[in-house]
Amino acid sequence: MQSLQHKASEWSGVLTSNAFAIDDTNLFEKLGLQTFISLSTNFYNRVYDDEEEWFHLIFANSDKQIAIQNQYEFLVQRMGGPPLYSQRRGHPALIARHRAFPVTHEAAERWLHHMQQAVDTSSDIDDDSKIKLMNFFRHTAYFIVAGIELKNQNFQMPCKNAPSPCKNF
């Protein structure tokens, strides 16, 4: 079985080393809190205005302001800033937190489309940081897809040599 990182690299077309090039520079120090707030706001404005009904429905039961806060706090933490997300919500656990949503290859690509537009229109992010961020986002989107697919496969697999009733968790 391939690792989730390997599968994410295969599906995203981004090598793991390129995805984690964000760790070579403290992007939080370089870009600042307001950049991540603006990026997340720009992104979620695009997501909530999406004309594709199937994609829009993924976010229908989510509060936009909470989604913005969750994302910028996660990004701040992941990009070298204070652990805002973990202090408020605990471990990010990206796969577990996204498992309730239909995060498919198609949804990942639509998500990435909006993120690419949000990154591209940000005048506060230099070109090198844009590349690093998009490599991270592309790889992470497919890491989540791979993780959800694996969890769903494991959940649906019959239990071997287990007493009844058998539950896959």
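Rounded to whole numbers, the Karplus 3J(HN,Hα) couplings from phi for the range 105-113 are 4, 5, 5, 4, 5, 5, 4, 5, 4 Hz, using 6.51 cos²θ - 1.76 cosθ + 1.60 with θ = phi - 60°, and x at Gly and Pro.
The dipole here belongs to the range 4-156: it is taken about the Cα centre, uses +1 on the Cβ of Lys and Arg and -1 on the Cβ of Asp and Glu, and is about 620 debye.
Can you give the relative contact order of the chain as a percent, counting alpha carbon pairs under 8 Å and 6+ residues apart?
Numbers: 161 pairs, mean separation 59.8, N = 169.
Rounded, it is 35 percent for the chain.
Relative to the globular-protein estimate of 2.2 N^0.38 Å, the Cα radius of gyration of the chain stands at 1.10. This ranking places VAL47, VAL119 by how few other beta-carbon atoms lie within 10 Å of each, fewest first, which gives VAL119, VAL47. Computed from phi, the 3J(HN,Hα) profile of the range 114-131 under the Karplus parametrisation 6.51, -1.76, 1.60 (θ = phi - 60°) reads 5, 5, 4, 5, 5, 5, 4, 8, 8, 7, 8, 10, 6, 4, 5, 5, 4, 5 Hz, with x in place of Gly and Pro.
Coordinate-derived values only; no laboratory data. None of these values were measured; they are calculated from a predicted model. Backbone-built Cβ (ideal geometry, glycine too); neighbour counts: all protein chains shown.
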